[in-house]
Each structure stands twice: as C-alpha cells, then as structure tokens.
Amino acid sequence: MYESQRLALKYFTAAIALFGVMIVAGLLAAYYYIDPQILYNVFDFSTAKILHIDVLIIWLLMGFFGAVYWFLPEELGQETVGLGVAKVAFYVLCAAVLVVAGVFIFVQYGTSDEFSLWFINQGRKYVEAPRWAALGITAVVLVFMYNVIGTALKAKKITGVVAVLIVDLVPLFALYLISLPAITNMSVDLYWWWWLVHMWVEATWEVLIGCIMALALMQLLGTSRRIVETWLYIEVALVLGTGILGLGHHYFWIGTPKYWLSIGGLFSAFEPLPLLGMVVHAVYDSGVHRMKATNRPAFYWVMAEAFGNFIGAGVWGFMMTLPQINLFSHGTQWTVSHGHFAFWGAYGCGVIAVVYLALQKSRSVSYMDGTAWKWSFALLNIGLVGMAGALLVSGMAQAFYERAIGGSTLQAFIQAQSSPWFMQGMYARFGFGILFAVGYVILVYNLLTVGRREAVGAAVPAAT
Amino acid sequence: MSSVELLKTAGLLGVLVLFGGGYGVLYAVGRLRRQRSWLQGGYACYAVQVLIAGVLVVTSPLAVGWKLLIVFSVFAYLAIPPVTWRYLERTHHEEGEVYDS
C-alpha cells in the first residue's frame, strides 16, 4: 500500500467521524422545531444549524481528499509528492475543525467587529468558519493541489481523469477565496457568495466526484479506461454546461437584474437531463456486471449515487426551480428537503462507496459482502428519503400558508410554522432522522469490522 | 399564482421529471434483458410524462416561455435513454466488454 493511501485512510476516518457530528447536530437542529424551548439561552438553534451544515461541507471535502490520495498513486504509478506537508495539512485541518467547533459551541457569537470575523464567526452560511480557519482551509487546498500536480509532474504522466482533476482544482481553490472578504452591500455579498456555494456544489464538486467515480469504477468493475474517460468528458461537459449558468436560480430574489430569472430558470431546468443519462449508464453497468462485484457495498453505494443524484437534484430541483414556483418556495423547508436529498445523492453515497473500496484493499479482502452493510444501506437511504419527504411536506405548507396565502408577512410566517401540516412534517423528519442515525451507527460498526470478521476468502462470484 | 395552483404546478413539475427517470430506467432494463414488457413499461412512463406536460401546458399559470421549455424538455427526455444506450453499447463493444443476456 502506498503511503498516500495510509493518509487517505486517516482522511476517511476523520470524514466518517465528522459525518456522525453532522448527524448529531442535525438531530438537535430538528428537535428545536418540536420543542423550541430546549436549551433556550444555552445553545441556540442557529449554532446547531451552523455545526450541521459546516460539518457537512468538511466531511465531504475530507472524503474527496481521501479519495484522491487513495487513487492518485495507483493512477500515476507514483507515490504522491509532498506527503510530509500533506500529513501536516491533515492534522492542521483536523485541529482547526476542533477549535472552530469549540468556538461555535462555547463562544457562539461575538460583537459586530473585525475580531469576530477573524476569531469567532464570519457570519455567512456554509462559510461561517472564522477568517483564520478559512485561511487555513485555503492553505490545505493549496497543499492538496501541490500534491496532485507535483505527482503528475514527477510521474511524467497524465491521464484523462487526472487532467480533468487538475483543471478542476483551480476553480475549487479560487472560488473558496470568496469566503474571505466582508462585503457590506447585501446584494453584492450574496452575488459573490453564491459563486462560492453554487459553483462548488453544482460545478467543481460535481467534476471532482465525477473524477473520483471514474477512478472508483475502474477499480470496482474493471471498466476500461477509455470508456470511463469518454463518459467523464461527456458528463462533465453536460454538468458544467447546465450547472454554471444554473447559478442564476440563486439570483432570482437577491436584487440582481431581471434577466437572471430567464437564465437561471432555463439552465437549471436542463440540469436533470445529464443526470438521466447517468441513471441509464448505472443500469447498463449493473446489467453488465449482473449486480455483482467483488465489493458489493461499494457497488450498491455507487448505484445509490446515480439514482440519488437524479431524484435529489433532478426531481426535487425541477419542482422548485422555475421562478414562478421559486418565488414561493425559496428559503422554506422545501429548499431544505432538496438540499438534503441532493447532497446525499450526489456526494454522500459516492464518498461511502470509495471508503468501502479502500477498506477492501487495505484489509486484503478478496470479496466484500455481509449483512451489516445492507442494514446500514437500507436505514440510511430510507431515513434520508423519509427526511426529504417530511421536509417537503413542511416546506409546501410554508409556501402555501405563509407565502401564497399569507403574503410573506411575519405573522404569516409564525402561523405557517404552527400549522399541523408543518408540524407533522417536523415530527416525521425527526423520526426519520433517528432512523438515519441508527443506519450511521451500523455503518460505523460495519466499516470497523468488515473484512475482519466476515467474508474473508469467501467464494468470489465472477464479476463479468 | 394561487396557493392551490402553486402546489399543483410544483407537484406536476416534480412528477414530470420522475416519470422521465422511470422511462429511462425501464427502457434501460428492457434493453438489458431484451424483454418487451420492460420497454413497454418505459414507454408507458414516457406517455404519462407527455400527459403531465400537456396538463402543465394547458392548465398551469406558468408563462409561455416556461411552457415551451417543458415541451422541449419532453422531447429531450425521449431521446436521452436510447442515445445514451447506443453510445454505451458502442464504447463497450469497442473495448470488448459486451453484455450477453
């Protein structure tokens, strides 16, 4: 095993641990809707929510980094360059996450001055991390870029997947710089903030996970490089073609010119189309391999990624992306429902698949299967679909009562929040959240034990 | 847009894409298993998708431009599964990875 892959396992461990922190914070944030008095004046809802969504970004990012550190040396036949600094960056990132989480939990907020920006909270959703930590994340991404580009240069080799990855790292780094300035004009601030949030999630991350899935498919199914790279180019072109200007669907109501209504609506309406192609591709691959591979959990999580991405981003997204609908739905639990489903489908499932692939090799397991992963797979996916469905009901109640009937007044907001439809959705969301958490516990148990206690040396079905 | 029209239109837009996905999945399974019943199921999904598009065009309060977009996208949904499948078969065939049902 390459040294880079040992670092990857550390990243995966941190990612899965943070996945758990995200779930705990999410459950707490969900419970505030059921009992708003809980932890009153001790631990605010906003802090729980910040932890939930910021840790979401960090665990996925760590999963992506781990995946690249895992596949890169095998892809280029060369140990990753600059591993010493990469290891330091890993520990710096972990320490920064711990310190920032501690500040969020125990300090929570500060006064409106530069000190708060630098050391407590920058105050912009998803990038609340104080400025020192944001600079730290920037440095870690730079180290990551150096590792990837340096390895390709030293190996004197570049593959299609690595080329796409390197090109993608430039905007991945550059866009994060938007988290640093504190712009006082809210429209201008949101304009650029969406560049960061949307272009990461619906452009650079899509390309990154596309590269990771391409590498994973070659290892998992033995798919030929030419096939994988051809599809990577096509899917990246389609995703970027629709995703970049799909940015416009965030510009509908923030004070930007009216033409964004047309641009945003048009391009985001196209976004489900490449996802449909991916679903067809997933069915083809599952048929070619007759739903069998030497790593069944990884195979099923890859399949879940294709379907989850289509339903979460495609179906849920299209429901609310046209401006006439979005006028009522934006900023409600409807959006939250879409966010949960899309993040899970597009990224969460992919990261879990890669973790299983890495464990198979690191534990020298010829055939990976068992029972526990099936329980975690089922509970996590049922829990997630249940949460997304429940949030959709609550969000539709908000759009109906608060926006369409109540005219978006404060009184209508309060009334909508106490409507039975909204509350029942919140109860159901919490229940499915518990189910999701149980699935997570089984996932952790399985990741710790799979290949150590079961299926080692079991008969290997032929992966055709 | 009234409150009822809002929920009806949004629901139909979601179901429109869902049936497009259903068509894609059933079409692919049908081609994979070479069974007409799956393919017919796929085409039935597509027919429902066309029907939903028709309902949206006729009854929803969406602007004309969005209605045209829905009509265009329904044609795109029709083409994507067979085009993707053909290209998949070709690339896999060229690489010697042929699915044999």
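Which distance in Å, rounded to a whole number, links the C-alpha centroids of the range A:112-176 and the range A:310-384?
So the separation of the two Cα centres works out to 24 Å.
Ignore the peptide's own chain and count Cβ atoms of other chains within 10 Å of each Cβ in B:16-28; give me the average, rounded. The partial results should precede the final answer.
Details: counts 4, 14, 8, 1, 9, 10, 1, 2, 10, 7, 1, 2, 8.
Mean partner-chain Cβ count within 10 Å for B:16-28: 6.
Straight-line reach from residue A:156: which lysines fall under 19 Å, measuring Cα to Cα and dropping same-chain residues less than 8 apart?
none
What's the extension gain from residue A:259 to residue A:423 if we count 0.36 nm per residue and subtract their Cα-Cα distance?
Details: separation 164, 0.36 × 164 = 59.04 nm, distance 3.69 nm.
Full extension from residue A:259 to residue A:423 adds 55.3 nm.
State the Cα centre-to-centre distance between the range A:389-447 and the range B:37-52 in whole Å.
32 Å
Show me you know the interface measure: the accessible area buried between B and A, both chains summed, probe 1.4 Å, in Å² to the nearest 100. Working shown, then result.
Details: alone 6850 and 19540 Å², together 22520 Å².
For chain B against chain A, roughly 3900 Å² becomes buried.
Would you kindly derive the ³J(HN,Hα) couplings of the range A:127-136 from the backbone phi angles with the Karplus curve 6.51 cos²θ - 1.76 cosθ + 1.60 (θ = phi - 60°), listing them in order in whole Hz, with x for Gly and Pro?
10, 6, 3, x, 4, 4, 6, 4, 5, x
Note down the magnitude of the dipole of chain A about its Cα centre, charges +1 on Lys and Arg C-beta and -1 on Asp and Glu C-beta and zero elsewhere, to the nearest 20 debye. List each step's numbers first, then the result.
Working: 23 positive and 22 negative charges, 184 e Å.
Dipole magnitude for chain A comes out near 880 debye.
State the extension gain, in nm to one decimal, for the chain segment bounded by residue A:109 and residue A:382, taking 0.36 nm per residue of separation less the distance between their alpha-carbons. Write down the numbers at each step before the final one.
Details: separation 273, 0.36 × 273 = 98.28 nm, distance 3.58 nm.
The span from residue A:109 to residue A:382 would gain 94.7 nm if fully extended.
7 Å from Cα along Cα→Cβ at both residue B:43 and residue A:371: what's the point-to-point distance in nm?
For residue B:43 paired with residue A:371, the spin-label model returns 4.5 nm.
Enumerate the calculated ³J(HN,Hα) couplings along the range B:82-96 in order (Karplus 6.51 cos²θ - 1.76 cosθ + 1.60, θ = phi - 60°), each rounded to whole Hz, writing x wherever the residue is Gly or Pro.
So the Karplus estimates, Gly and Pro as x, are x, 5, 4, 4, 4, 5, 4, 4, 5, 5, 5, 5, 5, 9, x Hz.
From the phi of every residue in the range A:25-30, what ³J(HN,Hα) in whole Hz does the Karplus formula 6.51 cos²θ - 1.76 cosθ + 1.60 yield, where θ is phi - 60° and glycine or proline is x?
Whole-Hz 3J(HN,Hα) from phi for the range A:25-30: 5, x, 4, 5, 4, 5.
Mind listing which trypsin sites (Lys or Arg not before Pro) in the range A:298-391 are in a DSSP loop and have 15 or fewer other Cβ atoms within 10 Å?
Working: sites: A:361, A:363, A:374; in loops: A:363.
Passing both the DSSP loop test and the Cβ count: A:363.
Please work out the average accessible area per residue across the range A:38-143, using the 1.4 Å probe convention, and give it in Å².
Details: 4360 Å² over 106 residues.
Here the residues of the range A:38-143 average 41 Å² of exposed surface.
Aspartates and glutamates near residue A:154 by alpha-carbon distance under 12 Å, same-chain residues fewer than 8 away left out - which ones?
Of all the aspartates and glutamates, those that pass the test against residue A:154 - Cα under 12 Å, at least 8 places apart if same chain - are A:79.
How large a share of the accessible area of chain B, in percent, is made up of carbon and sulfur atoms when the probe is 1.4 Å and the other protein chains stay in place? Don't jump to the answer; show the numbers that get you there.
Details: 3260 of 4930 Å².
So the carbon and sulfur contribution to the accessible surface is 66 percent.
Classify the range A:126-267 as rounded, prolate or oblate from the Cα gyration tensor: take a ≥ b ≥ c as the square roots of its eigenvalues, call it rounded if a/c is under 1.5, otherwise prolate when a/b beats b/c and oblate if not. Write out the running numbers ahead of the final one.
Details: a/c = 3.08, a/b = 1.44, b/c = 2.14.
Judged from the Cα gyration tensor, the range A:126-267 comes out oblate (a/c at least 1.5, b/c at or above a/b).
For chain B, what is the charge dipole size about the Cα centre, in debye to the nearest 20, if Lys and Arg each add +1 at the Cβ and Asp and Glu each add -1 at the Cβ? Each step should come with its number before you reach the end.
Numbers: 8 positive and 6 negative charges, 64 e Å.
It works out to roughly 300 debye.
Tell me the carbon and sulfur percent of the accessible area for chain A, rounded to whole percent, probe radius 1.4 Å.
Values: 12370 of 17580 Å².
Result for chain A: 70 percent of the exposed heavy-atom area is carbon or sulfur.
Run lengths n ≥ 4 of DSSP H only: what is the helix-derived mean residue ellipticity at 222 nm for the protein assembly as shown, with -39500 (n - 2.57) per run over all residues, to the nearest 500?
Numbers: 22 runs with 420 residues, N = 565.
Dividing the helical sum by the residues of the protein assembly as shown leaves -25500 deg cm²/dmol.
So for the protein assembly as shown, considering every pair of alpha-carbon atoms, how many percent are separated by more than 34 Å?
Numbers: 62590 of 159330 pairs.
Here the long-distance tail beyond 34 Å is 39 percent of all Cα pairs in the protein assembly as shown.
With axes computed from alpha carbons, what is the tilt in degrees of helix A:372-397 against the longest principal axis of chain A, rounded to the nearest 10 within 0 to 90?
20 degrees
Within 10 Å of each candidate Cβ there may be at most 10 other Cβ atoms; applying that plus a DSSP loop requirement, which trypsin sites (Lys or Arg not before Pro) in the range A:234-300 survive?
On the way: sites: A:258, A:290, A:292; in loops: A:258, A:290, A:292.
Counting only loop positions with at most 10 other Cβ atoms within 10 Å, the trypsin sites (Lys or Arg not before Pro) in the range A:234-300 are A:258.
Just to verify a number: FRET efficiency for residue A:91 and residue A:184, C-beta to C-beta distance, R0 = 22 Å, to 0.05?
Values: r = 36 Å, r/R0 = 1.63.
That gives a FRET efficiency of 0.05.
If the cut-off is 18 Å between C-alpha atoms, which lysines fall inside it for residue A:361, apart from same-chain ones fewer than 8 positions away?
Qualifying lysines at Cα under 18 Å: A:10, A:292.
What full-extension length gain, to one decimal in nm, is calculated for residue A:158 and residue A:139 as 0.36 nm per residue of separation minus the Cα-Cα distance?
Details: separation 19, 0.36 × 19 = 6.84 nm, distance 2.45 nm.
Computed gain between residue A:158 and residue A:139 is 4.4 nm.
Quick one: helix A:205-221 against the long Cα principal axis of chain A, what's the angle to the nearest 10°, folded into 0 to 90?
Helix A:205-221 sits at roughly 30 degrees to that axis.
Taking chain B as the reference, fit the longest principal axis to its C-alpha atoms, fit the long axis of helix B:3-33 to the helix C-alpha atoms, and give the angle between the two in degrees, 0 to 90, nearest 10.
10 degrees
Using +1 at the Cβ of each Lys and Arg and -1 at the Cβ of each Asp and Glu in the protein assembly as shown, identify which of A:52, A:241, A:4 lies farthest towards the dipole's positive end.
The Cα lying farthest towards the positive end belongs to A:4.
The values are calculated or read from the model by the stated rules, or taken from the named source; none is laboratory data. Here the structure is a predicted model, which means the values were calculated and not measured. Neighbour counts run over all protein chains shown; Cβ positions are idealised from the backbone, glycine included. Keep in mind that these areas ignore ligands, DNA and RNA; they rest on the heavy atoms of the full protein, side chains included. Shrake-Rupley method; radii C 1.70, N 1.55, O 1.52, S 1.80 Å.
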